[in-house]
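First the structure, in the form of structure tokens, and then the observations on it.
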Amino acid sequence: MSEPDAAQAGTPGRLARSIGRFVDGLPAPVRKLGQQLGGWQRIQLAFKTAVACGIAWLIARQLPGEVADYPYYAPLGALISMYSTVADSVKTSLQTLAGLLLGIGLAWVLLLTVGLHVLTVSLLVFLGVLVAGLPRLGAGRDWVPMAALFVLLVGGSDAGDYSLGYAVQMAVGVLVGITVNFLLIPPLNFSAVGRSLQQLQSDLAGQLEEMAEALLEDWPPERDEWATNGENIVRLSEQVRQAVQTADRSRKANPRRRFHDRDLEADWSNLRTLERAAFHTQDMTEVLGAVIWDDHLRIPEPVLEPMSEALKASAAAVRSLAADDLQEKLDAADAAQQQLARELAGSVTADTPATAAGYVVVSLDRILGAMRHQLSDSKD
């Protein structure tokens, strides 16, 4: 667990650096346990949640009238409002309060029209689950039948005061939670984006390089781990997309974003290009993996070396994505890919079909095309 890579600013930044230095100074077993629990972000969220619940409890006990009889709902409101981003906290909290008010209103409709009977509970749950299906209710849908049941069964004959106390205290807790999340080191997940993109870029290039090396070995190759790695590449690209989406949400309504100049639009552009590359790399991995066990797909001997060179050149281009020398690497990869296409055209016979090799040529062209498109957009 290390201090976030992005530079911090102001009092929250100094606090974050102090906590980061404290964490880095902990014994290795403690740091390892912290990493297993979620690392710095989880510690930060747990700390802010504890602070928010404590403040909500103190405020709840000072509220006037019957509302003060239900202070335990304020910490609950603070708890449900704490998410890893300010935007998620606001959105989920509003959805929860909407579901809560719908549930309370539903309970009151039944109390005023049907009254409290044996079948009222079943009818209330039936209607509550139906209402919870309203679109855009999100996280609030689970609170519709729950709040309705609380008012009916816990409030009972004192449903009026209970409903008021329940709603007000939950709203107070939610407000405290959002405020704490906004003011106390509001998270920006920019450093995770940079690491994730670099990891995906490195793994993609490494996969292309391993396939390039395997082509020059005696077949079947001794090392064939790469043949089953295609799905891992795609899975990693999905995780990177989640990281970029989280970072994008984390900057919304976040006062710290003005101290950080990370270009998330460039991150999205890099991600889209790497996702396309990951898709075609997975396809090539499956095709070349099938070659190991299927003689009918065997690649013509004269094509092996040019294909290896094309894969290596494409890997170098992937490693240079967003770097200053991308154009140079792309030119070299284009030349190698065209040389591969020429060698393949001269090697195809009835006994040596171009099925597998032709697929690799097309996949490489699409990977390079995606990078050329990004390079062109960046120049506009």
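The values are calculated or read from the model by the stated rules, or taken from the named source; none is laboratory data. Everything quoted here is computed from the prediction, not taken from an experiment. With ideal geometry, Cβ positions are generated from the backbone for all residues, glycine too; neighbour counts draw on all protein chains shown.
Observations
- Qualifying residue in the stretch 182-198 (condition: of a type in the set (Lys, Arg), at pLDDT 90 or above and part of a helix (DSSP H, G or I)): no
- Check on LEU100, surrounded by 18 or more Cβ atoms within 10 Å (Cβ to Cβ) and modelled with pLDDT of 90 or more: yes
- Restricting attention to the stretch 100-158, the residues that are outside any helix (DSSP H, G or I) and at negative phi add up to 10.
- Filtering ALA323, ALA336, ALA341, ALA313 for residues that are without any contact (Cβ under 8 Å) to a residue 40 or more places away in the chain and not in a helix (DSSP H, G or I) leaves a single hit, ALA323.
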